[in-house]
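What follows is one structure encoded as structure tokens, with my remarks underneath.
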Amino acid sequence: MVNFVKGRFVQNYRLPSGGRINRNKVLTFRYNNRYYKGYEGDTLASALLANGVDIVGRSFKYSRARGIMCAGVEEPNAIMQVGATEATQIPNVRATEQSLYDGLVCSSVKGFPSVRFDFMSLVGRVAGGAMGPGFYYKTFMFPAFMWETYEKFIRKAAGLGRSSRERDPDTYDHMHQHVDVMVVGGGASGLMAALSAARAGARVIIADEQSEMGGALLHHYKEIDNMPALDWVQQVCDELDANENVQRFTRSVVTGLHDHNFLTINERRTHHLGDAAPQGMTRERIHKVRASSVVLATGAHERPLVFGNNDLPGCMQCSAVSQYIRRYAVMPGTSLVVMTANDSGYQCAFDWFDVGREVVAIVDTRANPDGDVFVQAKERGIEVITGSAVIEARGGERVRKAVVAAINDKGTFVTGEPTELLCDTIASSGGWSPAVHLSCHTGSRPVWNDDIFGFVPGETPENNIAAGRVSGAQTLSDCLREGIKAGADAAASCATLHGQASSDSLSTPKVVDVKQGAAMAMYLVPHTKTPTRAPKQFVDMQNDVTAAALQVSTREGFESIEHVKRYTAMGFGTDQGKTGNVNGMAIVAKTLGQTIAQTGTTVFRPNYTPVTFGAVAGSNKGALFDPKRFTPMHKWHVEHGAKFENVGQWKRAWYFPREGERMQDTLNRECVATRASVGILDASTLGKIDIQGKDAREFLGRVYTNAWAKLEPGRCRYGLMCGEDGMVMDDGVTSCLAENHFLMTTTTGGAASVLSWLELYHQTEWPEMDVYFNSVTDHWATMTISGPNSRALLAKVCSDIDLDKDAFKFMDWRAGTVAGAPARVYRISFTGELSYEINVPAHYGLHVWEALFEHGREFDLTPYGTESMHVLRAEKGFVIVGQDTDGSITPIDMDHAWAVANNKPFSYIGKRGMAREDCLRPNRKQLVGLETVDPNTVLPEGAQAVRNPAQSIPMTMVGHVTSSYYSANVGRSIAMAVIRDGLNRMGESVFFPLADGSVVEAKICNTNWVDPDGARHKS
Amino acid sequence: MDTVNVSNQYATNSVTERAEFGDSNTPVIASALEHANMKSLAVKTATGLGVTLVELPVTGMLVLRARDDKPALAAALKSSLQLDLPNVLASNVVVDNGKSYCARWIAPDEWLLSCPLQDAFEIEQNIRTAAGASSIAIVNVSGGFTTIMLSGNNANDVLKKSVTYDVHPSHFTVGKVVNTVFSKAQVTMRCLDTNHYEFIVRRSFADYVWLWLQVASAEYGISIEIE
């Protein structure tokens, strides 16, 4: 090893100059509990290489040492667990994408217990021969009950990262974007597309996953328009940034292209700044983009060649070598052998040579390479070995030698005697796989292109435009030209453009292209031995899938590429086979005697790269996970110690415990106080629908089961609503405000669905009816005072309504003023007591509520919540739709025949349903009361009833408990239940076998426990 | 047919004149976000940050409905308030004697009219009278909503985090009204000016929307003002 830079913290492999790094900003980081130094501008991968770190993980199945292979998103090996604290842990971070920051702490996720000594490697070595494809399926699937045990072991050993056990300190959010043209990819083609679309007047977003724009130009030093490529990139970016209709995102992966040109961008906003996001910044943002037109300039991933021991640290992609040298001024090794099947592989040898390092040889699989690069290599004095291949790498945990042999011109077998070249790095290029992922997200299948030996995007439903390397373009000038055209075409295809068009036309920037030689189709490099005998030839590094495994799986009958994928795990994992898949498909195709086009690809699904759950959730967590709805009196309830329950999205006061009370104590107190004096309930959450129009009354008659023709202004009526099937759907009191004006109330949970139901019938069935529905749920604050003293209390705060029992009767409503606020007062009751439901506009709600308490002191006005409301109504046998009914109960089943009017001139919804044979048969489940034989036993709600507790299992079940409480007013437990033929079996016993083995006996009874004559509510 | 088509929302017009029951009978108006105590928040926050939030005092709100008789409603609105019934996605504003009236298009047969709270009843009466026997509906929903104003240099950014609708100034233009989903709530939003927006929010959802706005605005700095 040569020390290139002197100093205390030696980055042995850092070049003395060059690179897009800031040498004045030294950053310290910790990897596997050791401290290292890097520079601002480094990725974690480039910093590790600068420090000579060879091994960054152990492999999935065979536990072989693995090194950094790529420099970008496609990296399969360098997968890190990042995070300085437990709370900030992030699993499976690609070191090649993670920008270095000061204080970064990371460790290999692979390798258990450590990458340097790995006990699994013993298993791998001993059992390696036995661990063929489908190994885990075959070995660990049986016996099935052991899977959970296996899984823990396999997951840990396989080295998937772990998520934090603590609360994530960071925040995330989403942003909606609308553009005319979305450009995916910020390389030469993407930049040109964005610029030409912007100049055409389009609103544009261009996003790139790297830390800066430029794509391959960041390491591929060419001149564009007679200036260094990166100066040209800067010039383009400057123009884009100056245009207010263009947004440019870096560190932003376009993770999915969905139907109708909906795209998701995962913007990593602070990953480069530190372990946790700075104050006030969200760590990641998902942009949800709706685009009129999409340009895919996603580039291509270089395919490494498949040869023996090609997973040894030191084996890399050619383009990755160039990137480390040019962009980060890092030498990935000291002596290089290049193997390539095309011209592009030569560049890394030039880059290596041009910084004064040793290039041992370029091994070209083509017999007669004829591109300009061949000449340029000769000019530099680099040895080029043609018609040959590196058939095997040798070394312990790092490349020491490349075994080179002549091959036939199709690249299918070795023709010459193997020789060894000493080197520590082998760079290989088998060609380029266009990044077709996004086009395939739309359901489009990629199309094999024999000119470039790769799949290019097929036609997509929205005619997305591919430009540059992804479409098969081979030269920089083609990429630039295609980008310009794609941007202009994309803008032209938009129905409207939302930006400012520029009169400047965009001409193709000037570039000098070199003459390209024809590439050779090369995937699996032949060995002197067959794949099953040769040293392992890896196709998928992350999942340890070898060429031999693919051949074996086809022999075992897995011929569809989808089956091969699932049997061998090829293309699984966090990299989704970005480097290996096409090689694998070629190997499978060859084994099956097919073309690659016939074999096809597996399906590409979103996301392109993994997205954290935090980003998916965004701000929708905690209080913002789901809206909580509050009544106008909520603050009072909170101040008075209420416990709350969720009713839909509403937070309703559940009960108001006093110091030292158990819940049942509270309920007993609230229920007794209400019947003894007066209680108050916040009923603001009830659904309220204002109905106006000359057909309003007729409409009510059609949607309710009972009659509405004769309800006079000033009167109220209870109504039952059924679905078409005749089953009870909702209930509530509707009041006649004027001849053509009604106020319907619904259950709290049914408010929105009932309004939709009314609109549905009005808009689709009876559009001729003159009627309007409006929700006024939020407009009215509703408070019910209930109990013998409620009239006296109301009189204290209301002087303009005659409260006399004959002037303001049960089921009347009156308008007036309560505590100075305009009010509607309804004399309706859900407790069976004398009750007034006071409604005031919501902004007066708290005031009126407090005024009632001020005047209610002398009556010991008691607030009660929904739980006491349930008990009080059950004491009267009043049903709650959704609790005592479940969509299988007709009005007749719940003994509400009185609320069904079959003599209405027009039919009503549910009439025919109720007339079905099944609804008329005897022995239906009917709503009845229950009294347990032991008055202190409270039946669990949902308990199943049987007539004969001695029957053996399965017992004949005849119904279940729907509501069950202890009633302090009745002095015993009470329950409601649906029991077969229950209405005809008053006084009979039913039995409830409970989960704990006990059996509770109860007698069927009437539900009207309190004041059966109704004297109280009419008093 | 009864000559009185519908009932008045409030049988009594004036709410401030009645004080015969003592203090508790002078009605106190509480907005939907009363509990957030805007006054104390306004004192605590600096001014002129990226985002400014204001909850307006309770405003009169009338829902206007008409189908076949839309011309009659339009004429009634015109004669009573000099206000034109707005077209699709539009709003019309009239300011008269310092009082502001704004009609917003909500749906093909629905408009939302805001007005001073104490005038809502009288305006309802006037429109009804002017519309005569035509088939329209008016509902006073003043208690059902609150109005939140969002402004500042980053107001549009906050909006982009909150609604799926395209809020680019070229699309969500001044005067436009859109009923849309605001995160998981529903709002009626109106563009008053560049980076100046109005949200009409259902009262029971106001707390959620307010919390959301604060979270979405946090990175830009929030000024809270009172009106």
Average Cα contact separation per residue, chain B, under 8 Å, 6 or more apart, as relative contact order %: 27
Within region A:304-430: Cβ-based charge dipole about Cα centre, in debye rounded to nearest 20 (Lys, Arg +1; Asp, Glu -1): 260
Given charges at beta-carbon only (K, R positive; D, E negative), |dipole| of the protein assembly as shown in Debye: 3100
A:Glu850/B:Glu225 FRET efficiency (R0 30 Å; Cβ-Cβ; nearest 0.05): 0.60
Sparsely packed GluC sites (Glu not before Pro) within region A:444-532, loop by DSSP, other Cβ within 10 Å at most 14: A:Glu459
Degrees, to the nearest 10: A:188-199 long Cα axis against longest axis of chain A: 50
Virtual paramagnetic centre 7 Å along Cα→Cβ of B:Val93, amide N under 18 Å, in region B:194-222: B:194-201
Neighbour-count ranking [beta-carbon atoms within 10 angstrom, fewest first] of A:Cys671, A:Cys722, A:Cys440: A:Cys440, A:Cys722, A:Cys671
P(r) of the protein assembly as shown over all Cα-Cα pairs, binned every 20 Å from zero, in whole percent: 10, 30, 27, 23, 10, 1
Virtual paramagnetic centre 7 Å along Cα→Cβ of A:Ala495, amide N under 18 Å, in region B:154-174: B:165-168, B:170-173
Acute angle (nearest 10 degrees) that the helix A:147-158 long axis makes with the longest principal axis of chain A, alpha-carbon atoms: 40
For chain B, with +1 on Lys and Arg beta carbons and -1 on Asp and Glu, the positive-most of B:Asn97, B:Thr47, B:Ser31 along the dipole: B:Thr47
Amide hydrogen neighbours beyond the local backbone of A:Val183, cut-off 5 Å, H modeled: A:Ile205, A:Ile206, A:Ala207, A:Val295
Antiparallel bridge percentage (DSSP; both residues within the protein assembly as shown; nearest 5): 75
Spin-label pair B:Ser100/B:Gln125, simplified geometry with 7 Å Cα→Cβ offset, distance in nm: 2.6
Using a Förster distance of 56 Å, the FRET efficiency for A:Val514-B:Ala42 (Cβ separation, nearest 0.05): 0.25
Average Cα contact separation per residue, chain A, under 8 Å, 6 or more apart, as relative contact order %: 9
Residues A:Val181, B:Val94, sorted so that the one with the fewest Cβ neighbours within 10 Å comes first: B:Val94, A:Val181
Per-residue ³J(HN,Hα) for region B:183-199, Karplus 6.51 cos²θ - 1.76 cosθ + 1.60, θ = phi - 60°, Hz, x for Gly and Pro: 6, 10, 10, 10, 9, 9, 10, 9, 8, 8, 5, 4, 6, 9, 10, 10, 10
Phi-based couplings in Hz for region A:968-977 (Karplus 6.51, -1.76, 1.60; Gly and Pro marked x): 5, 5, 7, x, 6, 7, 9, 8, 10, 8
Amide H contacts of A:Gly308 (H built 1.01 Å from N, under 5 Å, at least 5 apart or other chain): A:Glu392, A:Ala393
Whole-number D in µm²/s for region A:922-1019 (Stokes-Einstein; Kirkwood sum over Cα pairs; 10 °C, 1.306 mPa s): 115
Spin-label pair A:Thr532/A:Val647, simplified geometry with 7 Å Cα→Cβ offset, distance in nm: 7.2
Sum of -39500 (n - 2.57) over DSSP H runs of 4+, divided by residues of the protein assembly as shown (222 nm, nearest 500): -6500 deg cm²/dmol
At most 12 other Cβ within 10 Å, DSSP loop - chymotrypsin sites (Phe, Trp or Tyr not before Pro), region A:839-935: A:Phe906
Percent RCO, i.e. relative contact order, over region A:529-615, from Cα pairs under 8 Å lying at least 6 residues apart: 26
Loop chymotrypsin sites (Phe, Trp or Tyr not before Pro), region A:548-649 (other Cβ atoms within 10 Å of the site Cβ: 12 or fewer; DSSP): A:Phe625
Under the Karplus curve 6.51 cos²θ - 1.76 cosθ + 1.60, θ = phi - 60°, whole-Hz ³J(HN,Hα) for region A:584-599, x wherever Gly or Pro sits: x, 5, 5, 5, 5, 4, 5, 5, 8, x, 10, 8, 5, 4, 5, 5
Three-way shape label, region A:743-837, alpha-carbon gyration tensor, a/c 1.5: prolate
Per-selection Kirkwood Rh - region A:298-430 (Cα, Å, 1 d.p.): 14.4
Spin-label pair A:Arg23/A:Arg658, simplified geometry with 7 Å Cα→Cβ offset, distance in nm: 8.1
Shape box of region A:529-615 [Cα atoms, principal axes, largest first, Å]: 48, 28, 19
Amide H contacts of A:Thr386 (H built 1.01 Å from N, under 5 Å, at least 5 apart or other chain): A:Asp364
Shape category assigned to region B:60-143 from the gyration tensor of Cα positions, a/c cut at 1.5: rounded
Percent of C-alpha pairs per 10 Å bin, region A:801-932, short to long: 9, 27, 29, 22, 11, 2
R0 of 41 Å, Cβ-Cβ distance A:Glu1001-A:Arg916: FRET efficiency to nearest 0.05: 0.75
Cα-only radius of gyration and Dmax that characterise region A:908-948, units Å: 15.8, 44
Residue among A:Tyr836, B:Ser162, B:Val201 farthest towards the positive dipole end of the protein assembly as shown, charges placed on Cβ: B:Ser162
Order of A:Val840, A:Val373 under a 10 Å beta carbon neighbour criterion, fewest first: A:Val373, A:Val840
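None of the figures in this text is laboratory data; all of them are computed from the coordinates on show. Remember, predicted model here, so these are calculated numbers, not experimental data. All Cβ positions, even for glycine, are placed from backbone atoms using ideal geometry, and neighbour counts span all protein chains on display.
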